[in-house]
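Below is one structure, written out as structure tokens, with a few remarks after it.
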């Protein structure tokens, strides 16, 4: 069984380098083009199930990749990006200037980190870990597509690989790419990371 992990296409906030998670933005023209390129890269893959964040940018991306599956997608709140509270739609330089204590706590807090007024990292990690365990429990051999966000996917990948939650910071998912992990009898390996060329199923 293979899990294909896809980050949504670019939004205006990504373009401007803003902190955002729960703010429900759509894709830019560049983001739409990125999603279409992922569609071409994955055109030969037959997906058994599609799991998607409830946020618009992820849904737009998923609907472009698999338009015929739009009604059967499973929209799961556990795949929503972290909520950054008072920091939503603000640049990190502005946050560091106007909320220096909160910013320092974010940088040094580890698994206790929390944006001012936002979702605690522990809560975020718990819901994503729960979803990772759900994926592990799938017993069919079909391919699964997961469309979500940088924070969610990096944490999901870390947990699937039995790494601690803080290992998520080592994984940077690109917009115009897909990653793939394989579950072989319970042993999970990372086979593709930020792939952009067409995926060719192995015989």
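The values are calculated or read from the model by the stated rules, or taken from the named source; none is laboratory data. Here the structure is a predicted model, which means the values were calculated and not measured. FYI the Cβ positions are ideal-geometry reconstructions off the backbone, even for glycines, and counts take in every protein chain you see.
Looking only at residues in segment 1-25 that are surrounded by fewer than 20 Cβ atoms within 10 Å (Cβ to Cβ) and within 21 Å of residue 132 (Cα to Cα), which one is modelled with the highest pLDDT?
Filtering first and then ranking leaves 22.
Any residue in segment 105-114 that is within 25 Å of residue 138 (Cα to Cα) and outside any helix (DSSP H, G or I)?
Looking for residues that are within 25 Å of residue 138 (Cα to Cα) and outside any helix (DSSP H, G or I), one finds none in segment 105-114, hence no.
Take segment 157-170 and flag every residue that is surrounded by 14 or more Cβ atoms within 10 Å (Cβ to Cβ) and not in a helix (DSSP H, G or I).
Correct list: 161, 163.
Find the residue count for segment 64-101, including only residues that are part of a helix (DSSP H, G or I) and buried (at least 19 other Cβ atoms within 10 Å of the Cβ).
Summing the residues that are part of a helix (DSSP H, G or I) and buried (at least 19 other Cβ atoms within 10 Å of the Cβ) in segment 64-101 gives 6.
Can you tell me which residue is surrounded by the most Cβ atoms within 10 Å (Cβ to Cβ) among those in segment 116-140 that are over 17 Å from residue 162 (Cβ atoms) and within 19 Å of the chain's Cα centre (by Cα)?
Within segment 116-140, the match that is surrounded by the most Cβ atoms within 10 Å (Cβ to Cβ) is 124.
Would you check which residues across segment 1-27 are assigned to a strand (DSSP E or B) and either more than 16 Å from the chain's Cα centre (by Cα) or farther than 16 Å from residue 84 by Cβ (or both) and list them?
2, 3, 4, 5, 6, 7, 18
Of the residues that make up segment 141-156, is at least one under 23 Å from residue 6 (Cα atoms), at pLDDT below 95 and surrounded by fewer than 17 Cβ atoms within 10 Å (Cβ to Cβ)?
yes
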